[in-house]
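Visitor: Next up is a structure, given as structure tokens.
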């Protein structure tokens, strides 16, 4: 018996909230990136589940795009965090306060 | 119509090819010191793209809309109109960057990222599906993160890049999740198909949350409340030409996608049972305008003042969506938003490029540092005065006409209180814009500032922006027809 689709929705909402909680509470920029990754994968759960539910492949294909974009985003993000580390000798997002936040 | 059909995407293609040409040049001659060629390729490429989009707009290529790749790309009047904005801002920024980047390393990378971001924006304006919209938004965003952090040794630039990136990553995750919820309800990502299936949708709650999250993604790109707080940081820390690029072109790109998705995919009469997004945008518009202008009024730093004023202007343009109440002429107010973005593209880019000029001279960042600047550089200061008064909405530049259209459209749509809030905010904005003018023309010069050189391309970019801003005051009548027609075509 297939799992009914609303359970996927609940799972993805849970994963999304875990990611959001991580972003709001963590100060380490790398943990921040991981939390964003969780949120994007929550979207992927929805896409794949509802792709099956609607019987078309649009969602599955788009989840591949999301993964590729998430990878690109992390690559750029790691680069910026590296520059941050060289300037501030730390990856704590609250330490960088040259400008007013 | 146009044959072959794919040629309708030419403005985007030209920008992309220009980025690749720069890439090829850089791989043949890495660490090139031949900067005129790099800047030249970027300027010529973006001017060519601008020429193509203007020609298409005048020739009516987007009427009726050209649909490419099964509706994934839609080239219509609105897409072409926005592409004119992006390409002209890109050309001005590339021109000004030549002097600004003098003696810096990694210049080829700078122009490549600039052109790639412009390609993404141009694609955003023509996105016919949420999938293309998301990918194009990321194509515009990722190079921008790199550009903001371009001054690697500068702590402010690195910090600005980090904050821009963190909030951008968060909001793109929210945007993606919103798209997934819309897909859950509608079973399609094509904007037209979504519009068909959201009417009387089965799960109004899921759809409502999805629409609000998509709106959040747009709020980031346009620097509107609640995702606005990256803007002052990013604009202040970034190289000034990049601040100009982000606050004008990037904001317009966000609005281009927002206008199309909100009006076509979620027509308010179809989704009002699930979520009244017009009400949400009305609240956002009022909060964004007020917050941006009040914060700008309290700044001592000119660049930061312009950054907050840019948030305020996002609030004005949001009126274009907020007044789509179904009463009155929707095309009028949506077109007014597009016109305001066009004028803003020149006056705000020019203002930030003047900051670039000041940074080039080593003038400080506060209002007091601008004291008496007009005695050393009268021509540039005349241009800055034009930008400031036009931004405030005085009839010295196109800003007056576009604001008038916006407020008139809001009154026409029965939301006169939005126009009232806008007018009060404009009056307030005159206070802090005129502080710059007062400092430049009336105050006594500060000691020790040496304006010894007059960088030619930076000057050329500032003067061009000023001339276009002034010319747009009488000439806007010629353009406004295109905008109103394009907006009406999208709405109906």
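A short reminder: the numbers here are calculations on the coordinates, not readings from a lab. Every value quoted in this text rests on a predicted model; they were computed, and no experiment measured them. Backbone-built Cβ (ideal geometry, glycine too); neighbour counts: all protein chains shown.
Visitor: On C-alpha positions alone, give me the angle between the axis of helix B:277-297 and the longest principal axis of chain B, in degrees, nearest 10.
Guide: 10
Visitor: Can you give me the P(r) profile for segment B:279-492? Cα pairs, bins 5 angstrom wide beginning at 0, each as a whole percent.
Guide: Percent of pairs per bin, in order: 1, 8, 16, 19, 18, 14, 10, 7, 4, 2, 1, 0.
Visitor: Where Rh denotes the Kirkwood radius from the mean inverse Cα pair distance, what is Rg over Rh for segment B:90-178?
Guide: With Rh from the inverse mean 1/r over Cα pairs, Rg/Rh is 1.02.
Visitor: Stokes-Einstein diffusion coefficient for chain B at 37 °C in a medium of 0.692 mPa s, Rh from the Kirkwood formula over Cα pairs: what value in µm²/s?
Guide: Approximately 148 µm²/s, per Stokes-Einstein.
Visitor: I would also like to ask the following. Quick check: residue separation of residue B:456 and residue B:55 times 0.36 nm, minus the Cα distance between them. What number comes out in nm?
Guide: My answer for the length gained is 141.5 nm.
Visitor: Would you list the P(r) distribution for segment B:367-492, with all Cα-Cα distances sorted into 10 Å bins from 0 and each bin expressed as a whole %?
Guide: All Cα pairs, binned at 10 Å, distribute as 12, 32, 31, 17, 8, 1 percent.
Visitor: Of B:317, B:471, A:93, how do they rank once you tally other Cβ atoms within 10 Å and put the fewest first?
Guide: Result, fewest neighbours first: B:471, A:93, B:317.
Visitor: Something else about it: What list of whole percents do you get for P(r) of segment A:7-88, with Cα-Cα distances grouped in 10 Å bins up to the one holding the largest distance?
Guide: 19, 40, 28, 11, 2, 0
Visitor: Run through every distinct alpha carbon pair of the protein assembly as shown and return the Kirkwood hydrodynamic radius in angstroms, one decimal place.
Guide: After inverting the mean inverse Cα-Cα distance, the result is 23.9 Å.
Visitor: Continuing with the same structure: How far, in degrees from 0 to 90, does helix B:330-361 lean away from the longest principal axis of the Cα atoms of chain B, to the nearest 10?
Guide: 20
Visitor: Would you kindly state how much longer the chain becomes between residue B:444 and residue B:106 on full extension, computed as 0.36 nm times their sequence separation minus their alpha carbon distance, in nm to one decimal?
Guide: 117.8 nm
Visitor: Using Cβ counts within 10 Å as a stand-in for footprinting exposure, how do B:416, B:361 rank, fewest first?
Guide: Lowest to highest Cβ neighbour count: B:416, B:361.
Visitor: Relative to the longest principal Cα axis of chain B, at what angle does helix B:77-100 sit, 0 to 90 degrees, rounded to 10?
Guide: The helix B:77-100 is inclined about 20 degrees to chain B.
Visitor: Any chance you could check the Cα centroid distance between segment B:415-492 and segment B:2-24 for me, in angstrom?
Guide: When both Cα centres are located, 31 Å separates them.
Visitor: Here's something else I'd like to know. Listing B:310, B:33, B:426 from the residue with the fewest other Cβ atoms within 10 Å to the one with the most, what is the order?
Guide: Arranged by neighbour count, lowest to highest, B:310, B:33, B:426 become B:33, B:426, B:310.
Visitor: Relative to 2.2 N^0.38 Å, what does the C-alpha radius of gyration of segment B:330-383 come to as a ratio? Two decimals please.
Guide: Ratio of Rg to 2.2 N^0.38 Å for segment B:330-383: 1.55.
Visitor: Note down the relative contact order for chain B as a percent, whole number, built from C-alpha pairs under 8 angstrom at least six residues apart.
Guide: 15
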